[in-house]
Amino acid sequence: MGPDKIGIMGGTFDPIHYGHLVTAEAAREKFCLDKVIFVPSGNPPHKKNKEISPGIDRVNMTVLATANNPFFEVSDIELKRDGYTYTVDTLKEFIKIYGENTRFYFITGADAVMEILTWKDVSTILKLCRIVSAYRPGSDINKFRSMVDELERVHRSNIHLIEVPALAISSTEIRERVKSGITIKYLLPEKVERYILEKGLYK
Ligand code: ATP
Ligand code: MG
């Protein structure tokens, strides 16, 4: 038996949608992950100028969305932390919980990998985990590939690319739709849709 393999899907999840879920499931299957932990972000430095829904709502929606997949879990590890939250600290906490022998796969969309060089302690992050990056429609594939090559050259990192079915879904679009009263049906799980409407989020 090899080491345990755990996927970590970080995000604001405001709200979680089928883009996130399809990507996590594709990564789980492709790399035979034992589970994928969804980690709603606490206070991410790169989103400090934007209004974000309360952590409790983002966790609740993530729990609702993942409940029917036995391989999916939700962690509120970042929401318990004060101050800005950084991926590197989250990874270190998971290593403490699961042990040094566990192999971590950090799952992101292509847009997040493009920004990875701006993250705190990027070289440490790339030593602590492998990155799984999903193509997202509209992303510049060539720019993406050269970015990945550069990261692998400089940091000797392990970056895997996966293709996910064309999902042009984003949380931004869902929030805008709700605000304008346009349907969000079929973009995200029905339970999450109901939660948004009942709580009056994104109005
Ligand atoms: P926002 O529009 O508010 O930025 P988002 O839809 O990008 O939200 P995030 O919570 O910011 O969602 O993203 C969490 C992670 O999921 C990031 O790594 C992001 O790249 C990835 N991701 C987001 N949407 C998709 C999608 N449709 N397909 C694949 N990956 C996605
Ligand atoms: Mg985003």
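The values are calculated or read from the model by the stated rules, or taken from the named source; none is laboratory data. All of these numbers come straight from a predicted model, not from anything done at the bench. Because the Cβ atoms are built from the backbone with ideal geometry, glycine has one as well, and the counts that use them run over all protein chains shown. Keep in mind that these areas ignore ligands, DNA and RNA; they rest on the heavy atoms of the full protein, side chains included. Shrake-Rupley method; radii C 1.70, N 1.55, O 1.52, S 1.80 Å.
Just give me the residues in region 175-203 being in a loop (DSSP other than H, G, I, E, B) and hydroxyl-bearing (Ser, Thr, Tyr), in sequence order.
183, 186, 202
Of the residues that make up region 139-148, is at least one assigned to a loop (DSSP other than H, G, I, E, B) and free of Cβ contacts under 8 Å to residues at least 40 places away in the same chain?
Taking region 139-148 as the starting set, the residues that turn out to be assigned to a loop (DSSP other than H, G, I, E, B) are 139-140.
From the residues that got through so far, the ones that are free of Cβ contacts under 8 Å to residues at least 40 places away in the same chain too are 139-140.
Yes, region 139-148 has at least one match.
Looking at region 94-105, is at least one residue within 28 Å of residue 168 (Cβ to Cβ) and either open to solvent by 30 Å² or more (accessible area, probe 1.4 Å) or touching a residue at least 60 places away in the same chain (Cβ under 8 Å) (or both)? Please lay out each step first, then the result.
At the first step, the residues of region 94-105 found to be within 28 Å of residue 168 (Cβ to Cβ) are 105.
From the residues that got through so far, the ones that are either open to solvent by 30 Å² or more (accessible area, probe 1.4 Å) or touching a residue at least 60 places away in the same chain (Cβ under 8 Å) (or both) too are 105.
The answer is yes, given that some residue of region 94-105 is within 28 Å of residue 168 (Cβ to Cβ) and either open to solvent by 30 Å² or more (accessible area, probe 1.4 Å) or touching a residue at least 60 places away in the same chain (Cβ under 8 Å) (or both).
Find the residue count for region 111-125, including only residues that are open to solvent by less than 50 Å² (accessible area, probe 1.4 Å) and at pLDDT 80 or above.
The total comes to 4.
Consider only pairs whose beta carbons are under 8 Å apart and that are at least six residues apart or on different chains; among these, list those whose first residue lies in region 6-18 and is over 12 Å from residue 196 (Cβ atoms) and more than 13 Å from ligand 2 (Cβ to nearest atom) and whose second residue is open to solvent by 10 Å² or more (accessible area, probe 1.4 Å) and charged (D, E, K, R).
The qualifying pairs are 6/34; 6/35; 6/103; 7/28; 7/35.
Can you pull out every residue in region 79-112 that is within 14 Å of residue 133 (Cα to Cα) and in contact with a Phe, Trp or Tyr (Cβ under 7 Å, 6 or more places away or on another chain)?
Result: 104, 105, 110.
Does residue 181 satisfy being more than 22 Å from the chain's Cα centre (by Cα) and open to solvent by 50 Å² or more (accessible area, probe 1.4 Å)?
Criteria met by residue 181.
Pick from 12, 90: which is more than 10 Å from ligand 1 (Cβ to nearest atom) and among the hydroxyl-bearing types (Ser, Thr, Tyr)?
90
In this structure, is residue 97 of a type in the set (A, V, I, L, M) and more than 30 Å from residue 146 (Cα to Cα)?
Judged against the criteria, residue 97 is a match.
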